[in-house]
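The values are calculated or read from the model by the stated rules, or taken from the named source; none is laboratory data. Predicted, not measured: the structure shown is a model, and the values here were computed from it. When we count neighbours, we look across all protein chains shown, and the Cβ atoms used for this are built from the backbone with ideal geometry, even at glycine. SASA here: full protein model, heavy atoms, side chains in, ligands and nucleic acids out. Shrake-Rupley method; radii C 1.70, N 1.55, O 1.52, S 1.80 Å.
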Amino acid sequence: MTADNGQSIAPGGTIGILGGGQLGRMTAMAAARLGYRCHIYCPDEDAPASDVAAATTVAAYDDLAALQAFAQVVDVVTFEFENVPAAAGEKLAAWRPTRPDPRVLHLTQQRLREKNLLSSINVPVARYLEVAHKEALPQAVQALGRPCVLKSASFGYDGKGQVRIDPETDLGPVWQQMGGDLAILESFVDFQREISVLIARGHDGAMEMYVAVENQHRNHVLDTTIAPARITPEVAVKAEAIARHIAQEIKLVGLLAVEMFVTRDGDVLVNELAPRPHNSGHWTIDACNTSQFEQFVRAVCGLPLGSPERHSDAVMKNLIGDDVRDWRAILAEPNAKLHLYGKTEIRPGRKMGHVTRLATKSS
Ligand code: AMP
């Protein structure tokens with residue numbers, strides 16, 4: 001196969017992935033099926049992705065010499081983890097096609113930057129204020145009203161670094177509980193449901209979107225995804241239009257998960273963006289014509305995007321910590337598809353795998 005204008009990386013090429021977790025693992029598995037090799041770059045030995053990849057570089061994300069050596073042996077660079085230092089992203093982009101552009105990572109690796117961007121392009125979000133230091137907190141809480149949520153600006157991952165402020169909450173310890181860093185204070189959204197939309201966009205601007213799904217969290221970590229979401233067609237149309245608008249505005253090349261709240265009035269507010277495969281898209285492996293991981297590979301390598309059509313409805317349940325011990329019972333279920341990430345040590349809160357249960361497609 002041949003490349004077109006240097007935009008496409010044909011099967012046989014090597015995809016460099018920063019990050020070695022389960023998202024990298026499932027990307028490498030999808031890439032291998034299309035004839036690509038994956039080279040993982042991450043700081044950990046024995047990363048889940050390394051088990052299934054052609055090569056791994058074990059080095060820190062800010063080790064520019066190691067990044068340069070990595071760039072020299074891959075055809076395209078992508079990320080399964082967005083908290084890569086901006087300087088590393090810029091260097092990589094200078095050496096090799098890097099998708100999505102590191103500018104997109106920079107936007108989404110800090111909650112304030114992300115919310116400011118969304119507001120500037122008229123995407124609805126919960127009311128929020130920047131809180132730069134502890135002394136500014138009481139006034140900000142007064143301005144937004146309780147309940148509200150104080151979140152660390154820099155750590156936008158799985159609910160870490162956030163504290164809910166209720167009417168009776170003593171503000172004294174809240175700043176330290178959150179992490180004592182630059183923060184964003186958000187109004188608490190009394191949502192009806194949490195949903196997400198996963199959209200892929202190619203370098204030519206073509207876009208494909210999966211049906212909106214519903215997400216249920218436990219201890220701030222995704223527990224269950226229900227596909228499709230139990231929402232009205234009007235809400236689905238709003239959510240899809242928002243995802244399309246964001247993907248276009250940030251000139252995405254790759255995959256973007258848009259996490260949203262559906263309010264009791266049917267309004268849709270964006271909570272968070274993730275410019276990579278997302279846990280709420282794992283169900284697509286077993287229930288759609290093209291999985292999110294294959295779609296990601298297609299977008300990053302400049303191939304035509306695949307059909308995101310689903311052939312089944314699905315409920316995806318994360319296997320967190322000891323949940324994974326149920327693997328034998330899950331294997332015995334006729335409609336269950338088990339995915340284990342090869343992590344040897346079970347720890348509370350650790351994502352060890354997931355199970356997708358399929359059902360006949362609804363309308
Ligand atoms: P985040 O780390 O921002 O994705 O938040 C993790 C989870 O906390 C979300 O999926 C929600 O369940 C909850 N949450 C975050 N922000 C808010 C908010 N402003 N109002 C209500 N719940 C929230």
(request) Might you report the magnitude of the Cβ-based charge dipole of the chain about its Cα centre, with Lys and Arg at +1 and Asp and Glu at -1, to the nearest 20 debye? (result) 380
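Would you work out what percent of the accessible area of the chain, with all protein chains in place, is carbon or sulfur (probe 1.4 Å)? Mind dumping the intermediate values first?
Working: 7770 of 15830 Å².
Ligands and nucleic acids excluded, carbon and sulfur reach 49 percent.
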(request) Measure off 7 Å from each Cα along the Cα-to-Cβ vector at A55 and T232, then give the distance between these two points in nanometres to one decimal. (result) 5.5
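How large is the accessible surface per residue of the stretch 1-107, computed with a 1.4 Å probe and reported in Å² as a whole number? Could the numbers behind the result be given before it?
Numbers: 4580 Å² over 107 residues.
Solvent-accessible surface per residue comes out at 43 Å².
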(message) Taking the 0 to 90 degree range and rounding to the nearest ten, how far is the long axis of helix 22-33 tilted relative to the main principal axis of the chain, both from C-alpha atoms?
(response) 30
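Taking the highest mean first, how do the peptides 49-56, 209-216 order by number of other beta carbon atoms within 10 angstrom per residue? Could the numbers behind the result be given before it?
Details: 49-56: 19.8, 209-216: 21.2.
In decreasing order of mean packing, 49-56, 209-216 become 209-216, 49-56.
Under the rule a/c < 1.5 gives rounded, and otherwise a/b versus b/c splits prolate from oblate, where does the stretch 287-363 land using the Cα gyration tensor? List each step's numbers first, then the result.
Values: a/c = 3.09, a/b = 1.43, b/c = 2.16.
Judged from the Cα gyration tensor, the stretch 287-363 comes out oblate (a/c at least 1.5, b/c at or above a/b).
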(request) Report the relative contact order of the stretch 14-98, percent, no decimals, based on alpha-carbon pairs under 8 angstrom and at least 6 residues apart. (result) 33
(message) Let me check something: with ligands and nucleic acids excluded, how do T356, T232 order by accessible area (1.4 Å probe), largest to smallest?
(response) T232, T356
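Could you sort V84, V237 by accessible area so the largest value comes first, with the probe set to 1.4 Å? Before the final figure, lay out each step's value.
Details: V84 5, V237 95 Å².
Accessible-area ranking of V84, V237, largest first: V237, V84.
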(request) Report the label-to-label distance for D326 and Q192 in nanometres (one decimal), using points 7 Å from each Cα along the Cα→Cβ vector. (result) 2.9
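Return a whole-number percent for the relative contact order of the chain, with Cα pairs under 8 Å and 6 or more residues apart as the contact set.
Numbers: 784 pairs, mean separation 50.7, N = 363.
Across the chain, relative contact order equals 14 percent.
Where only protein heavy atoms count, and the probe is 1.4 Å, what is the accessible area per residue for the stretch 127-187 in Å²? Could the numbers behind the result be given before it?
Values: 3170 Å² over 61 residues.
Computed with neighbouring chains in place, this is 52 Å² per residue.
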(request) Can you tell me which of 268-275, 343-350 comes out highest on packing, and rank the rest after it, using the mean Cβ neighbours within 10 Å? (result) 268-275, 343-350
(message) Sorting check: for 17-25, 178-186, which peptide has the highest mean count of neighbouring beta carbons within 10 Å, and how do the rest follow?
(response) 17-25, 178-186
(request) Using only Cα atoms, tell me the angle between helix 111-120 and the longest principal axis of the chain; keep it within 0 to 90° and round to the nearest 10. (result) 90
(request) Check cross-link reach from K115 to the lysines: straight Cα distance under 25 Å, and skip same-chain residues fewer than eight apart. (result) K134, K151, K160, K238, K251
(message) Using only Cα atoms and rounding to the nearest 10 degrees, what angle (0 to 90) does helix 233-249 make with the longest principal axis of the chain?
(response) 70
